[in-house]
Amino acid sequence: MCALTPVTMAGADTWVCPYRTKIYMQKIVIQGGRPLKGEVKISGAKNAALPALFAVLLTDGPCRLEQTPDLRDIDTTLKILQHMGASVKMRLTKSAPLVIDSNGLSHPETPYDLVKTMRASVLALGPLLTKYQRARISLPGGCAIGARPINLHLKALEKMGAKVELEGGYVNTSAKRLHGERIYFDTVTVTGTENIMMAATLAKGETVLENAAREPEITDLANLLIKMGAKIEGAGTETIHISGVDTLSPFHHTIIPDRIEAGTYMIAAAITGGNILLRNINLTLVDALAVKLSEVGVKIREEKDGLRVEGPKQIKAVDITTAPYPGFATDFQAQFMALMAVAHGTSVVVETIFENRFMHAQELVRMGADIKIEGKSAVVKGVKQLSGAPVMASDLRASAALVLAGLAADGLTEIHRIYHLDRGYEHMEKKLKKLGARIKRVKVKY
């Protein structure tokens with residue numbers, strides 16, 4: 001037997017034997033049919049931690065972040081920061097804060113090799129440009145769920161005085177000092193709101209963001225920036241006012257809980273007929289999902305330590321339409337479709353955010369689901385039972401949907417390309433195992 005050497009391939013955990021040509025990757029194997037019971041602690045939010053990490057670029061000195069999740073996207077972001085010249089003090093224990101210091105940053109750029117799997121890397125653009133007067137950003141990658149152009153980011157920065165050039169897959173930007181402007185986003189954009197909000201903190205004068213995203217992660221970032229000395233009003237509403245300051249100070253901040261992870265476990269309780277206590281989450285963060293799950297028949301109640309979620313004996317079919325916050329999140333759509341696949345009746349799932357976010361539907365059909373795609377809608381006729389099958393994940397939330405389907409299915413389900421899952425769910429199979437799921441991660445030869 002030869003020793004396996006870790007390498008990187010398409011963002012996956014991969015091993016190669018130096019004396020052979022076999023490639024080793026990972027899959028998740030689930031023996032379904034068991035109700036989930038027990039309690040699970042919800043991790044810090046990936047979508048709040050990523051902008052918080054890039055906010056480090058706005059200041060000099062050690063910044064401390066609590067409750068950062070152990071995820072591939074977090075690791076990638078830390079590598080990007082280190083590539084730029086920032087120092088990262090890794091946590092000795094899970095409860096210890098992550099400490100990053102960007103003092104003496106020498107390379108204000110994000111290389112393609114690091115950002116090709118993660119769209120959020122574009123969040124380096126605003127902080128670098130406003131603090132260092134220049135930035136070279138590789139056009140970002142991420143999940144294959146549709147076009148997510150950064151033109152709204154670039155249009156706003158140009159209006160604030162930046163010179164923008166596209167060259168060889170990179171965005172080159174420069175500006176002596178950005179100036180405040182009134183920015184109207186043609187469509188609601190979370191990363192666009194975050195990027196321009198960070199850029200505006202050190203711009204000259206006042207910046208007003210209109211049609212801004214209202215997600216809790218936006219508010220969390222604004223609270224962090226205010227701790228640094230930024231002047232921000234209106235975060236969490238459609239209009240945000242930022243008055244630029246000359247300098248910002250290091251921060252100590254605790255990341256909010258991950259509402260998407262929480263919602264995924266809520267649906268897991270529903271699809272398995274289980275009973276789960278979710279710790280470190282409150283109802284306000286998952287309100288739109290909770291309303292729909294209540295219509296499905298799920299019992300949800302707040303307890304001292306979190307949320308109690310109890311699945312129904314019979315799942316009722318309900319319709320959903322994704323929408324920007326506070327509407328039904330697109331990041332719940334795939335998981336909810338898996339739930340509707342075993343509901344009593346027919347439901348219609350309408351996706352209004354991304355044009356290519358139904359790729360999980362065909363994999364669910366492989367497991368026995370009855371789903372017909374009609375443009376931006378999916379008509380889902382519930383079946384009595386899904387059957388285990390080998391399936392392939394196409395993106396982060398699709399991965400979670402297939403895990404949920406596998407938990408409810410009869411027989412064995414094998415989920416391939418699970419590197420997507422590791423980008424957004426902290427130790428998912430370990431958490432599910434503690435809840436009673438028969439699930440394991442194994443290596444696969446290719």
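The values are calculated or read from the model by the stated rules, or taken from the named source; none is laboratory data. All values reported here derive from a predicted model rather than from experimental measurement. Quick reminder, even Gly has a Cβ in these numbers, built from the backbone with ideal geometry, and neighbours come from all protein chains shown.
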Original post:
Does Asp395 satisfy the condition of being crowded, with 18+ Cβ neighbours inside 10 Å and under 19 Å from Phe332 (Cβ atoms)?
Top reply: yes
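Regarding Gly38, is this residue touching a residue at least 40 places away in the same chain (Cβ under 8 Å), outside the structural domain of Arg214 (by TED's automatic domain parsing) and in contact with a Gly (Cβ under 7 Å, 6 or more places away or on another chain)? Walk me through it before giving the result.
Working: touching a residue at least 40 places away in the same chain (Cβ under 8 Å): yes; outside the structural domain of Arg214 (by TED's automatic domain parsing): yes; in contact with a Gly (Cβ under 7 Å, 6 or more places away or on another chain): yes.
Yes; evaluated as a whole, the condition is true for this residue.
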Original post:
Which of the residues belonging to the range 103-120 are buried (at least 17 other Cβ atoms within 10 Å of the Cβ), at pLDDT below 85 and outside any helix (DSSP H, G or I)?
Top reply: Pro111, Lys116, Thr117, Met118
**OP:** Inspect all residues belonging to the range 308-315 and state whether any of them is β-branched (Val, Ile, Thr), farther than 20 Å from Ser399 by Cβ and touching a Ser or Thr at 6+ places or on another chain (Cβ under 7 Å).
**Re:** no
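Specify the residue that is modelled with the highest pLDDT; the eligible residues are those in the range 146-178 that are hydrophobic (A, V, I, L, M, F, W, C), farther than 22 Å from Ala212 by Cα and crowded, with 19+ Cβ neighbours inside 10 Å.
From the range 146-178, those hydrophobic (A, V, I, L, M, F, W, C) are 147, 150, 152, 154, 156-157, 160, 162, 164, 166, 171, 175, 178; that's our starting set.
Those left that are additionally farther than 22 Å from Ala212 by Cα: 164, 166, 171, 175.
After this cut, where a residue has to be crowded, with 19+ Cβ neighbours inside 10 Å as well, the list is 171, 175.
Working: Val171: 88, Ala175: 96.
The qualifying residue modelled with the highest pLDDT is Ala175.
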Subject >> Residue check for Val208: crowded, with 16+ Cβ neighbours inside 10 Å, out of contact with any Leu (no Cβ under 8 Å at 6 or more places or on another chain) and either in contact (Cβ under 8 Å) with a residue 60 or more places away in the chain or among the small types (Gly, Ala, Ser) (or both) >> reply: no
Subject >> Number of the exception - Pro312 against (1) assigned to a loop (DSSP other than H, G, I, E, B); (2) buried (at least 22 other Cβ atoms within 10 Å of the Cβ) >> reply: (2)
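Test of understanding: among Lys155, Lys231, which residue is closer than 30 Å to Ala288 by Cβ, outside the structural domain of Asp422 (by TED's automatic domain parsing) and charged (D, E, K, R)?
Numbers: Lys231 fails: closer than 30 Å to Ala288 by Cβ.
Testing whether each residue is closer than 30 Å to Ala288 by Cβ, outside the structural domain of Asp422 (by TED's automatic domain parsing) and charged (D, E, K, R) leaves just Lys155.
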**OP:** Check Val291 against each of (1) outside any loop (DSSP other than H, G, I, E, B); (2) among the hydrophobic types (A, V, I, L, M, F, W, C); (3) touching a residue at least 12 places away in the same chain (Cβ under 8 Å) and name the one condition it does not meet.
**Re:** (3)
